[in-house]
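Q: One structure, pasted below without further comment.
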Amino acid sequence: MTFRELLTSASRRLQDASTPYLDALVLLSHASGMKKERLLADLPLQADEITAVLFEGFIQRRLAGEPVSYIRNRKEFWGLDFYVDSRVLVPRPDTEVLVEEALRLIAGNPSIRRIHDSCTGSGCIAVALKSEYPDLDISISDISADALEVADFNARSLTGKALPSSLSNLLSSVQGSFDLITCNPPYVEHDYVEHLKENNWPEPALALDGGESGFDLIPRLIEEALDSLNENGYLIIEASPVLVPLVAETMGEYNYTDIVQVTDLAGKARIARGRKGPC
Ligand code: GLN
C-alpha cells in the first residue's frame, strides 16, 4: 500500500477522534521513522511491510481510546519533548500559563532561588523551569512513585540533571523552605472522573480526581504551603476556570497577599498565585 492509502484508510477509521487525519499522520510518522513533512512529500510511494504492520498496531490502540501521546510516548511541552506513558497525565498546553507566570516571578525577583513543584506528574513544570534557569535549586514531589520515575527520567534526559524528589501527598513530607511553590493538583470533579474511568480513560485517576467538587485538595495545599514557603515566597496553583476564583479567595483567607488570577489566551482563568505575607 502507498503512504496515501494507509493515511486515507486510517483517518476514515478514526473519524470519531477530534483530529483524525493529524492523528493518522503523526502515527504514520512514528511507525515509519519519517518526518511528517517528508511523508507528505512521499505520499505516492509504497510503504514497507514493517511500517504498515506497526502503523496498524498504533491505529488499533488509538481506536481503543489511547491518546497519540501515549502511543508515541512523547508530548511536547514548553518546546521540550517529554516522555509520557499511562503513569502520568499528558502535559496540557494550559499548564504553560503556570510556567509563564513562574518565569515572570523569577525574572522579577532575584531572591527566588529555591523552588518546589508539588504534584509534579511527568515533571513538566519543574523541567521547563530548570531548562530556563539551570542554576535554580528545584525539587519535586508527587503522591505516585510511578510518576516520580517518569519525572526523574524527563529531568535527566531534558536538563541533564536529576531533581531531588520526595514521595508526598501535597507538601506533607516535603523537607525544606522555598521561595516559590508551583502545583497542578488534581481538580476534576470525582463524578466526572468516575465517568471517564467507565469509558476507559487511560490517564491516572489519581492525577485528576479532586474530590466531590474538584476542590478537596486545594485548600489543604494552600494551608500546607504556609509552612513550606519562606516569607514573601510565592505559591502558584493551576485549577479549572470555575475554581480559580475560589483558589484566589482561599489564598486571601490564609492571609496571602499580592493575589492574582491569570487567564490564558482564550480569556479563561487558569491559575491563581499569591505571596506569603510576613509572619
Ligand atoms: N487539565 C486537566 C483536564 O482538564 C486536569 C488536570 C488536573 O486535574 N490537574 O483534564
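Q: For SER166, list long-range residues whose amide hydrogen, built 1.01 Å from N in the peptide plane, is under 5 Å from its own amide hydrogen.
A: ILE140, SER141, ASP142
Q: Can you tell me what share of the DSSP beta bridges in the chain is antiparallel? A percent to the nearest 5 is fine.
A: Within the chain, antiparallel bridges account for around 45 percent of the total.
Q: Provide the per-residue ³J(HN,Hα) series for region 6-23, in order, calculated from phi with Karplus coefficients 6.51, -1.76, 1.60 and θ = phi - 60°, each as a whole number of Hz, with x at glycine and proline positions.
A: Result, ordered by residue: 4, 5, 5, 5, 5, 5, 5, 5, 8, 4, 7, 6, 6, 9, x, 5, 4, 4 Hz.
Q: May I ask you to sort CYS119, CYS183 by Cβ crowding, counting other Cβ atoms within 10 Å and putting the fewest first?
A: On the way: CYS119 28, CYS183 25.
Listing CYS119, CYS183 from fewest to most nearby Cβ atoms yields CYS183, CYS119.
Q: Averaging sequence separations of C-alpha pairs under 8 Å and six or more residues apart, then dividing by the length of the chain, give the relative contact order as a whole percent.
A: It comes to 14 percent, rounded to a whole number.
Q: Under 1.5 on a/c is rounded, so check that first for region 191-243, then, if it is not, pick prolate when a/b is larger than b/c and oblate when it is not; a ≥ b ≥ c are the square roots of the alpha carbon gyration tensor eigenvalues.
A: prolate
Q: Same structure, new question: Please tell me the relative contact order of region 103-190 in percent, rounded to the nearest whole number, where contacts are Cα pairs under 8 Å and at least six residues apart.
A: 36 percent
Q: Taking 0.36 nm per residue of sequence separation and subtracting the Cα-Cα distance, how much length would be gained by fully extending the chain between ASP135 and SER111, in nm to one decimal?
A: Computed gain between ASP135 and SER111 is 7.4 nm.
Q: Just to check I understand the Karplus step: with θ = phi - 60° and J = 6.51 cos²θ - 1.76 cosθ + 1.60, what whole-Hz values come out for region 207-214, glycine and proline as x?
A: Result, rounded to whole Hz: 7, 10, 6, x, x, 3, 9, x.
Q: For region 188-194, just list the computed ³J(HN,Hα) in residue order, Karplus coefficients 6.51, -1.76 and 1.60, θ = phi - 60°, integers in Hz, with x standing in for Gly and Pro.
A: 8, 4, 3, 4, 5, 5, 4
Q: While we're on this one: Between ASN230 and ILE259, what is the FRET efficiency for a Förster distance of 22 Å, r being their Cβ-Cβ separation, to the nearest 0.05?
A: According to the calculation, E is roughly 0.80.
Q: Okay, moving on. Can you tell me which lysines have their Cα less than 22 Å from the Cα of LYS161? Leave out same-chain residues fewer than eight positions away.
A: Once the sequence-local lysines are set aside, what remains near LYS161 is LYS75, LYS130.
Q: Can you list the trypsin sites (Lys or Arg not before Pro) in region 142-207 that are in a DSSP coil and have 13 or fewer other beta carbons within 10 angstrom?
A: Numbers: sites: ARG156, LYS161, LYS197; in loops: LYS161.
Sites meeting the loop and neighbour criteria: LYS161.
Q: With a ≥ b ≥ c the root eigenvalues of the C-alpha gyration tensor of region 164-279, is it rounded (a/c under 1.5), prolate (a/b larger than b/c) or oblate? Before the final figure, lay out each step's value.
A: On the way: a/c = 2.23, a/b = 1.44, b/c = 1.55.
Oblate, since a/c reaches 1.5 and b/c is not below a/b.
Q: Could you please state, rounded to a whole Å, how far the C-alpha centre of region 180-254 is from the C-alpha centre of region 29-98?
A: 29 Å
Q: Please give the net charge around SER228, taking every other residue with its beta carbon less than 13 angstrom from that of SER228, where Lys and Arg add +1 and Asp and Glu add -1.
A: -3
Q: Please give the calculated 222 nm ellipticity per residue for the chain, where each DSSP H segment of at least 4 residues contributes -39500 (n - 2.57) and the sum is spread over every residue; nearest 500 deg cm²/dmol?
A: -12500 deg cm²/dmol
Q: For region 59-210, count the residues as N, evaluate 2.2 N^0.38 Å, and divide the Cα radius of gyration by that value, please.
A: It is 1.04.
Q: While we're on this one: Once R0 is set to 30 Å, what does the formula 1/(1 + (r/R0)^6) return for the Cβ-Cβ distance between GLU100 and ASN169, expressed as a FRET efficiency to the nearest 0.05?
A: Details: r = 27 Å, r/R0 = 0.91.
After rounding, the FRET efficiency stands at 0.65.
Q: Please state the shape class of the chain: rounded when a/c is under 1.5, otherwise prolate if a/b exceeds b/c and oblate if not, all from the C-alpha gyration tensor. Intermediate results must be reported in sequence, preceding the final value.
A: Working: a/c = 2.39, a/b = 1.92, b/c = 1.24.
It comes out prolate by the Cα gyration axes.
Q: Pull up all non-local amide H partners of PHE178: gap of 5 or more, or a different chain, and H-to-H distance under 5 Å with H placed in the peptide plane.
A: Under 5 Å from the amide H of PHE178: LEU229, ASN230.
Q: Which peptide among 39-47, 109-117 comes first, and what is the full order, when sorted by highest mean count of other Cβ atoms within 10 Å?
A: Highest mean packing first, the order is 109-117, 39-47.
Computed from the coordinates by the stated procedures, all read-outs in this text should not be read as laboratory data. Every value quoted in this text rests on a predicted model; they were computed, and no experiment measured them. Note that each Cβ is placed from the backbone with ideal geometry, even for glycine, and that neighbours are counted across all protein chains shown.
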